[in-house]
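First the structure, in the form of structure tokens, and then the observations on it.
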Amino acid sequence: AKDPVRVLVTGAAGQIGYALVPMIARGVMLGPDQPVILHMLDIPPAAEALNGVKMELVDAAFPLLKGVIATTDAVEACTGVNVAVMVGGFPRKEGMERKDVMSKNVSIYKSQASALEKHAAANCKVLVVANPANTNALILKEFAPSIPERNITCLTRLDHNRALGQISEKLNVQVSDVKNVIIWGNHSSTQYPDVNHATVNTSSGEKPVKELVGDDAWLTGGFITTVQQRGAAIIKARKLSSALSAASSACDHIRDWVLGTPQGTWVSMGVYSDGSYNVPAGLIYSFPVTCKDGEWKIVQGLSIDEFSRKKLDLTAEELSEEKALAYSCLT
Ligand code: NAI
């Protein structure tokens, strides 16, 4: 039998945490034959609720679950972890300035970076979910210099999956037949959902999404804004933000990263920019990537038209501003 993998979930007493931990314990993230030990971290006001989640994990009798740690101590939570899913963060509350929210999250991600750097397993893979996801990941990277930068990523797979979902609804095709959409940039409303290279598997072979949709006005208008604004639409409907879809997409992100993307398929991940597609180096930016042997690689050589170029640049500008704001909180 395989040795268990230790998976950290921060903010585990929250909404996403509640949807995510059972998925991990069932093998959705790391595969149906991979035992796991869950490390769950939250803050003292949530300690009792966190313990309740632990009780439910025991009650669910998951065969793959070999242990559960529920703690408010970051060092205990981070010790020996192979995968870290960072869902905990400080939410924006009514009347709060952007800078105040940023400042809270910068201090959380700075201290959790140190705990991971000192105590996580070598080669730990990190996925930041909590918003502002790209910039939290960047701060984590800056304050965990011994963790390789390729190991620090943020979640844009939910946006990617939302784009697949919209195309599948529009064309009335199975979502599993749609592939190679791209989310570029920030996990925010400036992200650019790009279908220029996306295809659908049909009975007469692979066809470009653009050709099948045949409605450019929708592809360059309503489609983009629907994906960009989907988070807000979910809040409006549920009075709570996306949780099951965020949890499921976080599992997709880690699974594909660890186990590989299917041949001919790419996915979107927020990763440390190396300057590909003239995106400024030094930002955590969402790119199309393929994964193999536990490593992601940015898909190279895709054509970028003028419309797309502007959108790639716009979301990069927002990320540069966020980065500056985050740095201004450090002093
Ligand atoms: P939630 O408020 O239900 O849960 C957050 C949990 O984090 C709470 O239990 C809280 O006590 C905990 N927490 C706060 N500070 C912490 C710290 N320093 N250490 C450990 N835990 C801490 O929020 P929800 O709905 O679960 O969302 C979590 C985050 O994910 C939010 O920042 C949200 O904006 C973000 N999000 C990101 C998505 C993405 O696609 N990247 C999609 C949906 C949500």
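Each value in this text was obtained by applying a stated rule to the coordinates, not by laboratory testing. Just so it is clear, the model here is predicted, and its values are computed rather than measured. No Cβ is skipped: glycine too gets one built from the backbone with ideal geometry, and neighbour counts run over all protein chains shown.
Given H placed 1.01 Å from N in the peptide plane, which residues other than close sequence neighbours of V271 have an amide H under 5 Å from its amide H?
It is C154, Y285, S286, F287, by chain and number.
Identify all aspartates and glutamates with a Cα-Cα distance to K311 below 15 Å; exclude those on the same chain that are fewer than 8 residues away in sequence.
Partners found: D194.
Considering only V9, L302, N172, whose Cα is most displaced toward the positive end of the charge dipole of the chain, charges sitting on Cβ of Lys, Arg (+1) and Asp, Glu (-1)?
Ranked along the dipole, the leading option is V9.
Net charge around I147, counting only other residues with Cβ within less than 13 Å of its Cβ (Lys, Arg = +1; Asp, Glu = -1)?
+1
Counting only helical runs of four or more DSSP H residues, what would the 222 nm mean residue ellipticity of the chain come to if each run contributes -39,500 (n - 2.57) and the total is spread over all its residues?
Taken over the chain, the calculation gives -13000 deg cm²/dmol.
Once phi is turned into θ = phi - 60°, what whole-Hz ³J(HN,Hα) does the Karplus curve with 6.51, -1.76 and 1.60 give for every residue of region 324-331, x standing for Gly and Pro?
Those phi angles translate into 5, 4, 4, 5, 5, 7, 7, 8 Hz.
Give the long-range amide H neighbours of K125: residues separated by 5 or more places, or on another chain, with amide H under 5 Å away, using H modelled in the peptide plane at 1.01 Å from N.
Correct list: V83, A84.
Just for region 60-209, what percent of DSSP beta bridges are antiparallel, to the closest 5?
In region 60-209, DSSP labels about 55 percent of beta bridges as antiparallel.
Which far-off residues, 5 or more places away or on another chain, put their amide H under 5 Å from the one on H39, with H placed in the peptide plane?
Counting only residues 5 or more places away or on other chains, the set is V7, L8, V9, I69.
Once a ≥ b ≥ c are taken as the square roots of the eigenvalues of the Cα gyration tensor of region 215-331, is the result rounded (a/c under 1.5), prolate (a/b larger than b/c) or oblate (a/b not larger than b/c)?
Here region 215-331 falls in the rounded category.
Can you bin every Cα-Cα distance in the chain into 10 Å intervals starting at zero and give me the percent of pairs per bin, rounded to whole numbers?
Here the calculated profile for the chain is 6, 26, 35, 24, 8, 1.
Between Rg and the Kirkwood Rh of region 119-217, both from Cα atoms, what is the Rg to Rh ratio?
Here Rg/Rh amounts to 1.11.
Using +1 at the C-beta of Lys and Arg and -1 at the C-beta of Asp and Glu, which of L158, V195, L219 has the Cα lying farthest in the positive direction of the dipole of region 122-263?
Of the listed residues, the answer is L158.
Principal axis lengths of region 173-237 from Cα atoms, whole Å, largest first?
39, 21, 20
Using the Cα centre as the reference, give the magnitude of the dipole from point charges on the C-beta atoms of the chain (Lys, Arg: +1; Asp, Glu: -1; all else neutral), rounded to the nearest 20 debye.
It works out to roughly 320 debye.
How tilted is helix 133-142 with respect to the longest principal axis of the chain? Cα atoms for both, answer in degrees (0 to 90, nearest 10).
Result, in degrees: 60.
How large is the dipole of region 169-235 about the Cα centre if only Lys and Arg carry +1 and Asp and Glu carry -1, each at its Cβ, rounded to the nearest 20 debye?
140 debye
Calculate one ³J(HN,Hα) per residue across region 258-266 by plugging θ = phi - 60° into the Karplus curve 6.51 cos²θ - 1.76 cosθ + 1.60, and present them in order as whole Hz with x for glycine and proline.
The phi angles translate into 7, 9, x, 8, x, 3, x, 10, 10 Hz.
Would you list, by chain and number, the aspartates and glutamates whose Cα falls below 17 Å from the Cα of K323, excluding same-chain residues fewer than 8 positions away?
In chain and number order, the partners are E97, D100, E142, E149, D274, D313.
Roughly how many whole Å is it from the C-alpha centroid of region 295-326 to that of region 103-174?
If we compute the Cα centre of each part, the gap is 16 Å.
For region 180-195, take each phi angle, set θ = phi - 60°, evaluate the Karplus expression 6.51 cos²θ - 1.76 cosθ + 1.60, and give the result in whole Hz per residue in order, putting x for glycine and proline.
6, 5, 9, 9, 9, x, 8, 7, 7, 6, 8, 3, 10, x, 10, 10
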